[in-house]
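In what follows, a structure is listed as structure tokens, so that the remarks can point back to it.
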Amino acid sequence: MNSVKEILKNKVICKSVWFMRQAGRYLPEFREIRSKNKDFIKLCLNSELSSLITLQPIKRFNLDSAIIFSDILMVPYALGQEVDFTKNFGPRLSNFDQNIFFQNDKKKFTNKLDPIYKAIEITRNNLDREKSLISFIGAPWTLLIYMLNLKTNKNELNLLKLQKNNYNLSEILEELITYLCIHLKNQINAGADVVQIFDSWAGLIPSSDIARYCLLPNLKIVEFCKRENIPTICFPKGIKEKYEEFNRMVKPDGINLDSEIDPIWAKSKLKNVVLQGGLNPNLLLKTEREMLDGATKYIQEFKDIPYIFNLGHGLLPETDPDKVKKLIKFYRNF
């Protein structure tokens with residue numbers, strides 16, 4: 001049994017492999033569908049196509065888990081913001097309006113995202129029962145960055161914007177957590193087994209605010225998941241040595257390592273948690289030898305503890321699918 005759910009719940013040692021963004025632009029079969037569906041939001045809300053895309057890497061590589069094809073920004077979309085994906089720039093959201101945000105209705109929210117839940121049902125029915133189906137949400141801080149348009153470039157935020165607009169961040173965070181918990185519970189009810197919480201921009205939080213914006217919001221969601229018996233994997237990307245504090249305080253079932261985290265340090269410092277990932281996705285763009293040497297470092301270090309083989313971030317669009325196939329074979333034969 002290579003089920004991610006089994007590893008997370010029972011802390012068993014077995015081989016299990018899946019990849020973040022395993023259903024995506026590096027696959028020619030995905031690019032074919034995407035070329036005919038220019039509106040990304042509509043594609044995410046097309047239940048049949050979303051399920052088909054989710055299963056593409058399972059069909060090609062026989063990975064141990066599927067992750068539903070969707071996007072973390074479907075939640076802001078369902079909460080009333082327009083979301084537009086611009087080529088070579090990324091997502092743009094319409095101006096955030098606190099009045100609209102706090103007048104959202106939970107039933108309407110669920111109805112807007114119902115096609116995602118239907119996609120999960122379809123996928124679960126077409127996925128081997130022994131394989132886990134992973135759902136996901138964006139963590140509150142990461143969603144706030146997009147919702148409030150705080151990014152000025154790849155690694156900088158306009159924090160003055162928070163002060164100028166006089167946002168009631170505490171209330172916004174609490175409301176966001178409420179809707180995120182609704183969304184993840186709906187995904188589990190539809191047939192998902194596990195939820196991964198992506199805090200992709202946690203590394204941009206000022207050190208003095210890490211508890212307020214990262215630790216506490218993730219803790220509240222993980223505590224909800226524990227009450228609902230939902231296995232969780234957290235991914236607080238970029239917080240460096242604060243991974244230790246995050247793990248100690250939030251206590252998720254699993255934690256995904258980013259590529260900056262030394263696996264030796266992780267094994268020493270991160271206790272009572274299933275480790276996942278860590279391998280730099282850029283290594284899949286290098287020679288086969290460099291890729292396999294990088295993978296060996298993680299496999300060797302984590303061979304005697306519960307570990308899920310994955311990456312330190314998502315598969316890159318330039319990745320050769322044959323490299324992915326070789327990496328999976330190498331891991332399974334190690």
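No value in this document is a laboratory result; all are computed from the given coordinates. This one's a predicted model, so the numbers in the text were calculated from it and none came from an experiment. Here the Cβ is made from the backbone with ideal geometry for all residues, glycine too, and neighbour counts use every protein chain on show.
Cross-link check: pairs Lys242/Lys286; Lys42/Lys108; Lys59/Lys326; Lys15/Lys329; Lys11/Lys271; Lys185/Lys220 evaluated at a Cα-Cα cut-off of 19 Å; pairs beyond the cut-off: Lys242/Lys286. The alpha-carbon of Lys323 sits under 18 angstrom from the alpha-carbons of these aspartates and glutamates, leaving out residues fewer than 8 places away in its chain: Glu29, Asp64, Glu288, Glu290, Asp293. Listed by number, the DSSP H helices of the chain that run 30 Å or longer by alpha-carbon position along their axis and have mean Kyte hydropathy of at least 1.0 come to an empty list. Counting only residues at least eight positions apart within a chain, or on another chain, the aspartates and glutamates with an alpha carbon under 18 Å from that of Lys269 are Glu241, Glu244, Glu245, Asp253, Asp258, Glu260, Glu301, Asp304.
Once a ≥ b ≥ c are taken as the square roots of the eigenvalues of the Cα gyration tensor of the range 233-334, is the result rounded (a/c under 1.5), prolate (a/b larger than b/c) or oblate (a/b not larger than b/c)? The shape class here is prolate. With the highest mean first, a sort of the peptides 286-293, 208-215, 303-310 on other beta-carbon atoms found within 10 angstrom per residue produces 303-310, 208-215, 286-293. With the helix formula -39500 (n - 2.57) applied to DSSP H stretches of n ≥ 4, the chain reaches a computed 222 nm mean residue ellipticity of -13500 deg cm²/dmol. Shape analysis of the range 134-266 places it in the oblate category; the axes a ≥ b ≥ c from the Cα gyration tensor give an a/c of at least 1.5, with a/b not above b/c.
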